[in-house]
Amino acid sequence: MGFILAAAGSAIGLGNIWRFPYVAGESGGGAFLILYLGMVFTIGFSVMLGELAIGRAARRNPVGAFAALKGGAWTYVGYMGVLAGFVILSYYSVIGGWTLAYTWATLGPLLENTDTGELGAYFSDFIADPTQTIAYHGLFMAITIAIVMGGIEKGIERAAKFLMPVLFVMLVALCIRALTLPGAWAGVEFFVIPDWSRVNTETVNAALSQAFFSLSLGMGALLTYGSYLSRSERLPSVAMWVTSLDTVIALLAGFLILPAVFAFGYDPAAGPGLTFVTLPAVFAKMPGGGLFGPVFFALLSVAAITSAVSLLETVVAYAIDETSSNRKPATLAMGVVVFFIGVPSALSFGPWSDFKLFGKTFLDLMDYLASNLLLPFGGIAIAVFVGWAVSQRMMTEVFGGATLPARVWLWMLRTVAPAAIIWILISGL
Ligand code: PHE
């Protein structure tokens, strides 16, 4: 139970509640949803099982694990993962900072407002303010650093055990409120009825990237968590639990945000602000919304922190194992570096909003680099590694031998997963 919750704590976060609804909105809804679910339960599940198995077999950080199990060029897969950890955490913390800020904002200025024009303007002004975005980014990193310094099991695991179920109950309540708003049904139709004409390489690419991002795959976070896992744990059921819990939360967020978008006449393709603009409007329509709003954003911050902790832990585990430094200085050093890499992302909707590469702001660029390139490449590498390089050992690690499920799994990792990811990446380019 404890491990499933820790791994689910890594998977469930801003990816589900901030990223999933807006990517689904940009990608046309229903068709994206089906592609996403298909990828999560085939490629996603198999790669997750592979990552957990590598970690538990090697009992090391990503770099050390690839080095110990096979060595040679495989070690670079571990380095790529650690690099992805730096990149993702740098902007993840900026969005985490927005979430912290909205905990106070929904207490005051955003109370009782359902005008998406005004809520959108408030959001744009907020993310354009360098002092606030950097300060909240710093606060979010400071909390993450403090938790990773203390060792993850003590504080955060215990807190998450209690707080995540509360977040779940609140999400269900919000969903019910959003679905019963006048005009909400158009959002449900948009979310579940596939419009196949909207499917193109970009949609497929978005679904794959979202699957990797949301399940925390492709950079060694779950590998690192797996390295702390006991031999008696059954990995397939762990992976199935984590995959399913993550999917349920993403679906709830979709059935909350998209109906609200339609009910309040907002644009589903509005981008990264979608959740931040529509949620306050839903709170305003709830009895006791003035209390509900801040509590919800506080819990979302906790969910974001448990994910950020897994990102920082991956980088720190590498630093501790490979440079034999102590946990506290290693965490502080890595955390401060991540903070500075994140500053341009924090500025990217304000002073640096004119800086654009390939039409993307700095934050979007970091997200694209990590989610669309580093994570899928990491996924291919993990699939090929488990499927071809160390397959016998991994079959024994996970299934105790070459049973039928073990062979189906290997076949997924040997052929389907790498072929599908390569095809998606190439057509995306
Ligand atoms: N899965 C996390 C989320 O959905 C983000 C994350 C990505 C965490 C990659 C670890 C590794 O919020």
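Ranking PRO272, ALA221, LEU119 by Cα position along the charge dipole of region 2-428, where only Lys, Arg, Asp and Glu carry charges on their C-beta atoms, puts ALA221 farthest toward the positive end.
Please report, ordered by residue number, every helix of the chain (full DSSP H runs) that is 24 Å or longer along its axis going by C-alpha atoms and whose mean Kyte-Doolittle hydropathy reaches -1.0. Can you show the working numbers first?
Working: long enough: 75-105 (45 Å, 1.07); 130-149 (28 Å, 1.29); 158-179 (33 Å, 1.85); 235-263 (42 Å, 1.87); 289-323 (49 Å, 1.40); 327-346 (27 Å, 1.20).
Span-like helices here: 75-105, 130-149, 158-179, 235-263, 289-323, 327-346.
Taking other Cβ within 10 Å of each residue's Cβ, how do ASP195, ASP129 sort, fewest first? Intermediate values should be presented prior to the final figure.
On the way: ASP195 13, ASP129 17.
Fewest-to-most Cβ neighbours within 10 Å comes out as ASP195, ASP129.
Taking the alpha carbon gyration tensor of region 2-428, multiplying each eigenvalue by 5 and rooting it gives semi-axes of 34, 24, 20 Å, largest first. The GluC sites (Glu not before Pro) of region 21-122 meeting both criteria, a DSSP state outside H, G, I, E and B (loop) and at most 14 other C-beta atoms within 10 angstrom of the site's C-beta, are GLU112.
Would you mind ranking THR144, THR323 so that the residue whose beta carbon has the fewest other beta carbons within 10 Å leads the list? List each step's numbers first, then the result.
Numbers: THR144 29, THR323 9.
Ordered from fewest to most neighbouring Cβ atoms within 10 Å, THR144, THR323 come out as THR323, THR144.
Rounded to the nearest 20, the size of the Cβ-charge dipole of the chain about its Cα centre is 1380 debye, with Lys and Arg at +1 and Asp and Glu at -1. Here's the picture: charge each Lys and Arg Cβ at +1 and each Asp and Glu Cβ at -1 in region 324-429, and of ASN372, TRP352, ALA420 the one pushed furthest to the positive end of that dipole is ALA420.
Among ILE249, ILE426, the order by Cβ neighbours within 10 angstrom, fewest to most, reads ILE426, ILE249.
Phi angles across region 219-227 convert, under the Karplus curve 6.51 cos²θ - 1.76 cosθ + 1.60 with θ = phi - 60°, into 3J(HN,Hα) values of 10, x, 5, 6, 4, 4, 4, x, 6 Hz, Gly and Pro given as x.
Positive-end ranking of ALA281, GLY138, GLY44 along the dipole of region 2-428, with charges on Cβ about the Cα centre, is headed by GLY44.
Computed from the coordinates by the stated procedures, all read-outs in this text should not be read as laboratory data. Remember, predicted model here, so these are calculated numbers, not experimental data. We place every Cβ from the backbone using ideal geometry, glycine too, and count neighbours over all the protein chains shown.
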